[in-house]
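Novice: Structure incoming, see below.
Each reported figure results from applying straightforward, stated rules to the coordinates on display, with no laboratory input. What you are looking at is a predicted structure, and each value in this text was computed from that prediction instead of being measured. Heads up, the Cβs are rebuilt from the backbone with ideal geometry, glycines too, and the neighbour counts pull from every protein chain shown.
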Amino acid sequence: MGHHAEAPEESTEALLVLSVSKKNKNIRTVQVNRPEPEQVNFLPALAKGLGITLKHFFGNVVARKHTETMQYPEETKAYPERNRGLHRLMLREDDTERCVACMCCPTVCPANCITIVPAERDDAGIEKRPAIFEIDELRCVVCGLCVESCPCDAIRMDTGVHATAVEHRHESVMDKSALLKSGTKSIAVQGGTGPNWRK
């Protein structure tokens, strides 16, 4: 079976010229013409693209026309009132932690970033205390469930400070001393007002 060249499409009609050999009628050749110089030379398009890039560069870096960049940490944005910041542990009147190691916050935490090891209190009461209380701020998803689940108002996220950048991962883990450093005395009444609170 002989292979015959198909007719050129209309879009390439100007570039293709179909000719038949004079010696053999079954042989057909296709001559491709060279495109115009403006279709081949990429320098004008390159210069146009660089011009647009330089226009935006100097307009944003020098004149600051379209930039929304904030010079942090010299400039800070005002956080909303209900912003959740870094954690802190609240204190009792005797400057001890309010946490009783009930394990509600590590149980409800979806990121498993809270570690608590309970221990007995020195006053030999029925409540316990956390011997180890650690929060990995890099794993924290700032959901606030630990604050909502705490029955003793022992943990809060109202510091207004977000987690800072660290060189090593272990530096993002806040231990009990770091959490108590920003803590204040809580005036919350532990256990509520008793069984007759409706009266």
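Novice: Can you list residues from other chains, or at least 5 along the same chain, whose modelled amide H is less than 5 Å from the amide H of Ile155?
Specialist: Under 5 Å from the amide H of Ile155 lie the amide H atoms of Met90, each far enough along the sequence or on another chain.
Novice: Tell me the net charge near Glu93. Cut-off is 14 Å between Cβ atoms, Glu93 excluded, with +1 for each Lys or Arg and -1 for each Asp or Glu.
Specialist: -2
Novice: Suppose R0 equals 41 Å; then what is the FRET efficiency for Asp158 and Val61 from their Cβ-Cβ distance, rounded to the nearest 0.05?
Specialist: Numbers: r = 39 Å, r/R0 = 0.94.
For R0 = 41 Å, the calculated efficiency reads 0.60.
Novice: Which entries of Lys77/Lys185; Lys128/Lys185; Lys55/Lys77 show an alpha-carbon separation above 26 angstrom in the structure shown?
Specialist: Long pairs (Cα-Cα over 26 Å): Lys77/Lys185; Lys55/Lys77.
Novice: Can you give the Rg and Dmax of the range 88-181 based on its C-alpha atoms, in angstrom?
Specialist: Radius of gyration, then largest Cα-Cα span, for the range 88-181: 13.1, 42 Å.
Novice: Using θ = phi - 60° and the Karplus curve 6.51 cos²θ - 1.76 cosθ + 1.60, what whole-Hz ³J(HN,Hα) does each residue of the range 45-50 get, with Gly and Pro shown as x?
Specialist: 5, 5, 5, 5, x, 5
Novice: With θ taken as phi - 60° and the coefficients 6.51, -1.76 and 1.60, list the Karplus ³J(HN,Hα) couplings across the range 125-136 in order, rounded to whole Hz; mark glycine and proline as x.
Specialist: Running phi through 6.51 cos²θ - 1.76 cosθ + 1.60 with θ = phi - 60° gives x, 7, 8, 9, 9, x, 6, 10, 9, 10, 10, 8 Hz.
Novice: Could you give me the ³J(HN,Hα) list for the range 83-99, computed from phi with Karplus coefficients 6.51, -1.76, 1.60 and θ = phi - 60°, whole Hz, x at Gly and Pro?
Specialist: Along the range 83-99, the couplings run 5, 9, x, 5, 6, 8, 9, 7, 10, 7, 5, 8, 6, 9, 5, 6, 5 Hz.
Novice: Mind checking the dipole of the range 88-181: about its Cα centre, +1 per Lys or Arg Cβ, -1 per Asp or Glu Cβ, Debye to the nearest 20?
Specialist: Dipole about the Cα centre, nearest 20: 200 debye.
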